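Bear in mind these aren't lab numbers, they're just calculated from the coordinates by the rules spelled out. None of the values given here were measured: they were computed from a predicted structure. FYI the Cβ positions are ideal-geometry reconstructions off the backbone, even for glycines, and counts take in every protein chain you see.
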Amino acid sequence: FANLCMVRTPDKSEKYVNEYSLDYDETILKSNVIYNTDANRLEVMLGIPYEILGLDASEVKDGAELRFNMIRISGTGRDTYAGWINWGAQWGVGADNNPGGVGQNLLVLKDDEVLGQIEAKKTSNAPSFDGIDKSWGEPTVHVTGDSYNAGIRNSNAVCETDEMDTYFLWDANYLYIGMTSPDTEFVGAKALDEGWTGDGMQLWMLEKTG
């Protein structure tokens, strides 16, 4: 599976993407992590080329299914690894690291809206990577610690926030994933070899099913 962790460098001057379990040309990945000072929120944008997920062009179509797990990592000035909001069960059902997680999330690529599942909406134009704006549309799913298949994991301290808005779009070349979350104390990673710390998002995308 693809395991991507998106934060800022310790001095917050640059985006920092840790890529685990992958062997590919990293220049084809689209990503950004910013702090929106006007809205006091973290914004994460990600464009994943399908080849990373094991999909060829013929499989990128309406109804294609993907599975994922996501966490919104929370860092504070006192502790860069305070905890996270988990959405899914990357560490397994019942694991302490994903309380409330009952399984992986199913994401379906759709041309038209169908209620009752997490859907990535087809787009004719790539969304902005300068921030989450109207090009991303309305949030696909609002997630809190009380949401289905979600929970709060406090690591070394108490999570700063308990909610996030998620966005899912797709076109012929990329799966686009966005996330926004309230944040009043934005911090970068603790160190370059600890890219899972700080304020950011970690995403696990499993390769195609079936």
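Within the shell defined by Cβ-Cβ distances under 12 Å, the residues around Gly75 carry a net charge of -1, with Lys and Arg each +1 and Asp and Glu each -1.
Pull out the extension gain between Asn173 and Asn154, defined as 0.36 nm times the separation in residues minus the alpha carbon to alpha carbon distance; nm, one decimal.
Using 0.36 nm per residue and subtracting the Cα-Cα distance, I get 3.2 nm.
Counted residue by residue at 0.36 nm each, then reduced by the alpha carbon distance between them, the extension gain from Ser13 to Asn97 reaches 27.3 nm. Given that just one value was derived from the coordinates, which of (1) 16.0, 49; (2) 18.0, 54; (3) 17.7, 66 is Rg and Dmax of the Cα atoms in Å? Derived directly from the coordinates: (1).
Two decimals, Cα atoms only, Kirkwood Rh: what is Rg/Rh over region 87-181? A ratio of 1.01.
Of the beta bridges in region 92-210, as assigned by DSSP with both residues counted there, near 60 percent are antiparallel. The calculated FRET efficiency for the pair Glu185 and Val108, based on their C-beta separation and a Förster distance of 41 Å, comes to about 0.70. If only the Cβ of Lys and Arg carry +1 and only the Cβ of Asp and Glu carry -1, the dipole of the chain around its Cα centre is close to 220 debye. Exactly which chymotrypsin sites (Phe, Trp or Tyr not before Pro) in region 71-127 are in a DSSP loop and have at most 16 other Cβ atoms within 10 Å? Within region 71-127, the qualifying chymotrypsin sites (Phe, Trp or Tyr not before Pro) (loop, at most 16 other Cβ atoms within 10 Å) are Trp91. Which pairs in the list Lys15/Lys61; Lys15/Lys122; Lys15/Lys190; Lys61/Lys134; Lys12/Lys121; Lys15/Lys110 are over 22 Å apart, alpha-carbon to alpha-carbon? Checking Cα-Cα distances, Lys15/Lys61; Lys15/Lys122; Lys61/Lys134; Lys12/Lys121; Lys15/Lys110 exceed 22 Å.
Along the axis of the charge dipole computed for the chain (Cβ charges of +1 for Lys and Arg, -1 for Asp and Glu, origin at the Cα centre), the listed residues Asn69, Gly131, Ile28 are led at the positive end by Asn69. Within region 140-188, the chymotrypsin sites (Phe, Trp or Tyr not before Pro) that combine a DSSP coil assignment with at most 12 other C-beta atoms in a 10 angstrom radius are Tyr148.
Net length available on complete extension from Lys134 to Tyr35 is 33.9 nm, with 0.36 nm assigned per residue and the Cα-Cα distance removed. Taking a Cβ cut-off of under 12 Å around Arg8, the surrounding Lys, Arg, Asp and Glu residues balance to a net charge of -2, with basic ones at +1 and acidic ones at -1.
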